[in-house]
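Computed from the coordinates by the stated procedures, all read-outs in this text should not be read as laboratory data. The model shown is predicted, which means the values in this text are computed figures rather than measured ones. Neighbour counts are summed over all protein chains in view; Cβ atoms, including those assigned to glycine, are modelled from backbone coordinates with ideal geometry.
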Amino acid sequence: MFKKLNFILIVGIIATVLLLTACGEDVNREAEVSEDQAEDAVETVSAEEEAPEVIGSHEDLNQEPVPLEVERDGSDVYVKMTAQITDIEIEEGYNYKAWTFNGEAPGPLVEVNEGDTIHFTLDNLDPAIPHSMDFHAVHTAPDKGFADVAPNEEGRFSYKADNPGVFMYHCGTDPVLSHIANGMHGVIIVHPDDGYPTDDEVDEEYVIIQNEWYRYNDLDDMTNNEPSQVVFSTKALEEGQANTNGVIGALQDEPLEANVGDKVRFYVNNVGPNEVSSFHVIGTLFDDVYLDGNPANHLEGMQTVMLPTSGGAVVEFTVTEEGEYPFVTHQFKHATKGAMGVINVTE
């Protein structure tokens, strides 16, 4: 019996030693992995801090914003825009040499009416690379209507805007991701012929655009990684409204305005280029939603509107009390990167 107990004790001691040895090896392996991860993290941070690689002819180029040109003759609307390189301070101390339309990113708001014919001119002021225009609001053969315009050249195109809604536009030149992510995106609103059923109820209207920024002109980062910044901007629908670029804090530093009891309409678009937006106004619900801005796509009583990349909507909500109403994407990892604005509601 004593011999049997000794045998069990010896086996137990051996098993314990082996277990402790294995644990020690696991701890060492974990420590090695942690050290490797720490090194990778340091490398990633260092890489983010490296100076961006800028196309040679863009290095000293910072073209002043050019006003959008729009003229109407009946149902013919003549729109002229520029493709150009303009520095934009995305957040304090961080200048991005953006590829833009008219020196804005997102580009200027384009508004037409259902049934209009758009006569579009793109003046490519970029001395280095071709650019183009892809309007999501129109029907056209892309190789003709969205054709590349060579550096220092003009391109002219015409198409009908037969569908009402809130649509994305962007440069469609390859690689498309680089052109969109570097700043060549914006919104075109096609106002419905008969308006929206709720037009008479709306007190305030604003345009809200969500976009992302990545490491400058880094196609690999744009393709494989998370955005560095996700931001909201607004484009003026009428004189006196703010008109901002996609920069951190733009709609927090200068909140939108409404009065208690107002029904507010947002024309919202998520121009991406990669991430979904879960658009939400904190402290209220959406009374009426028109997906993609089409009156036929009517929903009521929604808490959040899902906007795929390029997706738009008209959302309407009522602010019932005095205070600050934040609006966010409910992908909160993106809200923490800048996708947040505020409506200041007063009596």
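Per Stokes-Einstein, at 25 °C and 0.890 mPa s, what whole-number D in µm² s⁻¹ belongs to region 200-346, with the Kirkwood radius over Cα pairs as the hydrodynamic radius? Spell out each step's value before the answer.
Details: Rh = 15.4 Å.
This corresponds to a translational diffusion coefficient of 159 µm²/s.
Modelled spin labels at Tyr78 and Thr121, positioned 7 Å past Cα toward Cβ, are 0.7 nm from each other. Shown for Thr100, Thr234, Thr320: other C-beta atoms within 10 Å of each C-beta, ranked fewest to most, produce the order Thr320, Thr234, Thr100. In this structure, the amide hydrogen of Gly103, modeled 1.01 Å from its nitrogen in the peptide plane, lies closer than 5 angstrom to those of Val66, Gln84, counting only residues at least 5 positions away or on a different chain. Put a dot 7 Å past the Cα of Glu226, heading toward its Cβ, do the same for Leu177, and the two dots end up 1.8 nm apart. Its Kirkwood hydrodynamic radius, worked out from the mean inverse distance over all distinct Cα pairs, puts region 61-195 at 15.0 Å. Counting neighbouring Cβ atoms within 10 Å and putting the fewest first, the residues Lys333, Lys144, Lys235 line up as Lys144, Lys333, Lys235.
When region 200-346 is described by a simple charge dipole with +1 on each Lys and Arg Cβ and -1 on each Asp and Glu Cβ, the residue from Ser228, Val268, Asn297 located farthest towards its positive end is Ser228. Paramagnetic label reach from Asp203 (point 7 Å along Cα→Cβ; backbone nitrogen cut-off under 15 Å): within region 258-274, residues 258-266. Helix 2-49 and the longest principal axis of the C-alpha atoms of the chain enclose an angle of approximately 30°. Histogrammed with a bin width of 10 Å, the alpha carbon distances of the chain distribute as 5, 23, 28, 20, 9, 5, 4, 3, 2, 1, 0 percent, first bin at zero. Between Val276 and Glu257, the contour length at 0.36 nm per residue exceeds the Cα-Cα span by 4.2 nm.
Counting only Cβ charges, +1 for Lys and Arg and -1 for Asp and Glu, the dipole size of the chain around its Cα centre is about 1520 debye. Derived scalar couplings between HN and Hα for region 188-199 equal 10, 9, 9, 6, x, 3, 9, x, 9, x, 9, 3 Hz in order, rounded to whole Hz, by the Karplus curve 6.51 cos²θ - 1.76 cosθ + 1.60 (θ = phi - 60°), x for Gly and Pro. As a length-normalised measure over Cα pairs under 8 Å and 6 or more apart, the relative contact order of the chain settles at 13 percent.
I want the local charge near Leu285. Using Cβ-Cβ distances under 11 Å, sum +1 for each Lys or Arg and -1 for each Asp or Glu among the other residues.
After counting each charged neighbour, the total is -4.
Restricting to the chain, what percent of DSSP beta bridges are antiparallel, rounded to 5? Taking every DSSP beta bridge within the chain, about 75 percent pair in antiparallel fashion.
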